[in-house]
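The structure's right below; bear with me while I get my questions together.
The values are calculated or read from the model by the stated rules, or taken from the named source; none is laboratory data. Bear in mind that the values here come from a model prediction, so they are computed numbers and not experimental data. So basically every Cβ, Gly included, is an ideal-geometry build from the backbone, and we count neighbours across all protein chains shown.
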Amino acid sequence: MAEIYQKEIKLSDYRKEDLIKFYREMVKIRKFDEHLIRLMHEGKVSGFYHSGIGSESVSVGSITNILRDEDYIFYNHRGCNQKIAKGVPLSKIYGDFLGTVEGTTRGLGAGIVHSADPSRGVLGQCGTIGSQFNIVVGTAYSAKLRGTDQVSVCYFGDGAASREPLHGSLNWAGLYKLPVVYICENNGYAISSTFEETHSVREHLADWAWGYGIPSCVVDGNDVLLMQEVVKEAVERAKLGEGPTFIEAQTFRHRGHFEGDAYDYVDKAVLNDWKENRDPIKSFKKKLLENQYCTENDLLNVDEEVEYEIHAAIKVAENAPLPEPNRIFEGLYA
Amino acid sequence: MGTAVKVKTITMREAIIEALVEEMERDPSTVLFGEDVGKFGGINAITKGLYEKFGGQRVFDTPIAETTIVGAALGMAITGLRPIPELQFGDFVGIAFDEVFNKLGKWRYMHGGQMEVPVTLRLPVGIAGGAGPEHSQSPQALFMHAPGIHIAIPSTPADAKGLLKTAIRDNNAVLFFEHKLLYGMKGDVPEEEYLIPLGKADVKRVGTDVTIIATALQVHTALNAANTLAKDGIEAEVIDPRTLAPLDMDTILASVRKTGRVLIVHEEPKTGGCGAEIAAQIAEKALFDLHAPIKRIGSPDVPIAQSIYLEQFYRPSENQIIEVVKELLEY
Ligand SMILES: Cc1ncc(C[n+]2csc(CCOP(=O)(O)OP(=O)(O)O)c2C)c(N)n1
């Protein structure tokens, strides 16, 4: 059965600048999201967006300081969390939403999926959620055959985990001992369906991986340092040729499935508890302050710097032109 | 083939194996996989000897998981490999439909043209030996509707070899359809290395009275019919498009303008077969060059019966072709 990942972590195990970096990256993701929602309200971006607010720690915890540019990711369809943590320039992601030529797709437009930055290992994503399960065993097989230690990380929601390809993927990854790290962002809901309503598991999704002989665990995804620890171990295993790992990160989304979703199928008290007591940024900030790693002012400075960076990125994205209509005929064939 | 070209006579199966071996020797980033393609050599014996030659990393058996086979091929392709996956039967493309229809041809485009998808997916197709409704189909025309994918469907050993080598070297996804009844068919293949471009039709027989456009096994049926018709003084031109995407309409239209009469023959069902698209394009571009309505022969629009007795009636026949050509000449 999947274990519940626990570990005593002392802040002093980390360098101060790394702790601030984790904070900064999480704030960047959140502010990116908030400003994107603002752009939607201003009518500049379509509402086809699944906010990633409330789960920033899953991405920063699993990417920042762990994955290199040459490591591959297939990001989740929720938020732009992983793309940002992997270093895709913010102006390029905004450009994809705004449909200007600044976007990674040079004006074709992309949003929650289809932004890509191969130079940073961001290989795009499927609009059919969960189809990345198949693709990721290919990127991992490729790394292995080419004799590199590149790791492929596959993000997905609990809902996507119900897709059949997960099982084909786990079977291949286990069988060929592929360097894949599966990271399930289990936020308990797939649109309106609860995890319990749509999954046959012993207890956890990660138990499925156990059945394939793949090391697996369940972790509090909203604890950025716990995520760091568990993912470092998984990535190390992958690099050493010891095969795949399945991590189920428990988290919760602060907003509805899409912008405009009434989100009334969630118990208000539960949602409030996650927002007030288990917000990954709030909790981490509290920890930093309580342990006197920095002052409130230090963090406010970070917030301001990030805010400035976001505004600058939006400006670049907005100022770039829309593509010529014949853009749609470019790039079909190599 | 010009007279100077030295040829050998081999089967299409041997021609395909030669193409695979040559390309895998040429490019170490090629990797071949599918169900039972390793030591066993494939259920159609198309990958015999490859495992021994290239080892178990580059030639490997997969679990029975078509979606994963094609999805993994995409993942390999965008990270520096040149995968050549096989599905045991072309019909199983339905299992990997998302991967083929939504991914292979679109991945590059929808991510802004930043990646290349050099996948050659081999798909054995066709009515052969009482295999029934889910092991006999010819689903190639479905993918004429999926931009970004190339579709090859050879009819001779020489074409199969030249097209497959090109497909493997191409940096786009190619669906490579092989008619199972052609595997054992012999033909002349150049001794020297050669490539056949995608998107170049081949005039298999020159004629003046009627244009017959046919694919795969039906090229041979059409050629047989043409020889019979010649005895009555009717000269049919037989054109094999060889690839449905890109589709060489120039060669087809040139012939149509010459003969003014068109018959399109294929094994997939008549409705929505490749003939529908070819006919539409002829009508758009050369309607007033026609002396008679465009005719099509496909298999009937019903599932293929398992019965080895009944299945023969699905296949367009020489007699059907002769009949329709004579009808066309009455206009
Ligand atoms: C194959 C497929 N089926 C359905 C959808 C529509 N869809 C998009 S997101 C979603 C819910 C996904 O839930 P989950 O994976 O738990 O992620 P979450 O949105 O909760 O983060 C659905 C049904 C889709 N895009 N692709």
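Restricting to the stretch A:127-147, count the residues that are assigned to a loop (DSSP other than H, G, I, E, B), in contact with a Gly (Cβ under 9 Å, 6 or more places away or on another chain) and more than 8 Å from the ligand (Cβ to nearest atom).
So the count comes out to 1.
Within the stretch A:172-208, take every residue that is polar (S, T, N, Q) and crowded, with 19+ Cβ neighbours inside 10 Å and give me the one that is farthest from A:GLY138 (Cα to Cα).
Among those that are polar (S, T, N, Q) and crowded, with 19+ Cβ neighbours inside 10 Å, it is A:ASN187.
State whether one or more residues within the stretch B:17-29 are in the same structural domain as B:MET144 (by TED's automatic domain parsing), surrounded by fewer than 21 Cβ atoms within 10 Å (Cβ to Cβ), basic (Lys, Arg) and over 24 Å from B:GLU267 (Cβ atoms).
Yes, that holds for at least one residue.
Turning to a different aspect of this structure: Within the stretch B:51-86, can you find the residues that are surrounded by fewer than 22 Cβ atoms within 10 Å (Cβ to Cβ) and either under 20 Å from the mean Cα position of the chain (by Cα) or among the charged types (D, E, K, R) (or both)?
Result: B:GLU52, B:LYS53, B:ARG58, B:ASP61.
Right, something else. For the stretch A:193-208, does any single residue satisfy the condition of being aromatic (Phe, Trp, Tyr), away from the ligand (no atom under 16 Å from the Cβ) and either assigned to a loop (DSSP other than H, G, I, E, B) or out of contact with any Cys (no Cβ under 9 Å at 6 or more places or on another chain) (or both)?
To start, the set of residues in the stretch A:193-208 that are aromatic (Phe, Trp, Tyr) comprises A:195, A:208.
Next, only the ones that are away from the ligand (no atom under 16 Å from the Cβ) stay: none.
The answer is no; no qualifying residue exists.
Among the numbered criteria (1) within 16 Å of the ligand (Cβ to nearest atom); (2) assigned to a helix (DSSP H, G or I); (3) farther than 20 Å from A:TYR182 by Cα; (4) not aromatic (Phe, Trp, Tyr), which single criterion is violated by A:VAL27?
Single failed check for A:VAL27: (1).
Which of the helices (runs of 4 or more DSSP H) found entirely inside the stretch B:1-80 contain at least 2 residues meeting this: more than 8 Å from chain A (Cβ to nearest Cβ) and more than 19 Å from B:GLU178 (Cα to Cα)?
Fully inside the stretch B:1-80 and qualifying: B:12-26, B:50-58.
Which condition from (1) within 23 Å of A:VAL316 (Cβ to Cβ); (2) away from the ligand (no atom under 14 Å from the Cβ); (3) buried (at least 24 other Cβ atoms within 10 Å of the Cβ) is the one that A:GLY79 breaks?
(2)
Out of B:ALA158, B:ALA167, which single residue is touching a strand residue (DSSP E or B) at 6+ places or on another chain (Cβ under 6 Å), free of Cβ contacts under 8 Å to residues at least 60 places away in the same chain and in a helix (DSSP H, G or I)?
Of the residues listed, the single one that is touching a strand residue (DSSP E or B) at 6+ places or on another chain (Cβ under 6 Å), free of Cβ contacts under 8 Å to residues at least 60 places away in the same chain and in a helix (DSSP H, G or I) is B:ALA167.
Name the one entry in B:ASP170, B:ASP159 that is crowded, with 23+ Cβ neighbours inside 10 Å, farther than 15 Å from B:GLU66 by Cβ and in the same structural domain as B:GLU18 (by TED's automatic domain parsing).
Result of the check over B:ASP170, B:ASP159: B:ASP159.
So the check is Cβ under 9 Å with 6+ separation or different chains; which pairs have a first residue in the stretch A:127-147 that's farther than 14 Å from A:GLY168 by Cβ and a second one that's within 16 Å of the ligand (Cβ to nearest atom) and of a type in the set (D, E, K, R)?
Correct list of pairs: A:THR128/A:ARG163; A:THR128/B:ASP98; A:THR128/B:LYS103; A:ILE129/A:ARG163.
In the stretch B:91-113, which residues are touching an Asp or Glu at 6+ places or on another chain (Cβ under 8 Å) and more than 7 Å from chain A (Cβ to nearest Cβ)?
Those that are touching an Asp or Glu at 6+ places or on another chain (Cβ under 8 Å) and more than 7 Å from chain A (Cβ to nearest Cβ): B:ASP91, B:PHE92, B:VAL93, B:ILE95, B:ALA96.
Let me ask something else. For the stretch A:218-253, how many residues meet the condition of being within 16 Å of the ligand (Cβ to nearest atom) and either outside any strand (DSSP E or B) or of a type in the set (Asp, Glu) (or both)?
6
A follow-up question, please. For the stretch A:148-188, enumerate the residues that are assigned to a loop (DSSP other than H, G, I, E, B) and either more than 14 Å from the ligand (Cβ to nearest atom) or farther than 27 Å from A:GLY79 by Cβ (or both).
A:THR148, A:ASP149, A:GLN150, A:VAL151, A:TYR176, A:LYS177, A:LEU178, A:PRO179
Select from the stretch B:22-34 the residues that are farther than 15 Å from B:PHE60 by Cα and within 21 Å of the chain's Cα centre (by Cα) and list them in ascending order.
B:GLU22, B:GLU23
Here is a follow-up. For the stretch A:96-132: of the residues being among the hydrophobic types (A, V, I, L, M, F, W, C) and over 16 Å from the mean Cα position of the chain (by Cα), which is nearest to the other protein chains (Cβ to nearest Cβ)? Before the answer, list the steps.
Of the stretch A:96-132, the ones among the hydrophobic types (A, V, I, L, M, F, W, C) are A:97-98, A:101, A:108, A:110, A:112-113, A:116, A:122-123, A:126, A:129.
Retained after the next criterion (residues that are over 16 Å from the mean Cα position of the chain (by Cα)): A:97-98, A:101, A:108, A:110.
Working: A:PHE97: 14, A:LEU98: 14, A:VAL101: 10, A:LEU108: 6, A:ALA110: 7 Å.
So the residue we want is A:LEU108.
Looking at the structure I just gave you, is B:TYR309 of a type in the set (Phe, Trp, Tyr), modelled with pLDDT of 95 or more and over 24 Å from the mean Cα position of the chain (by Cα)?
yes
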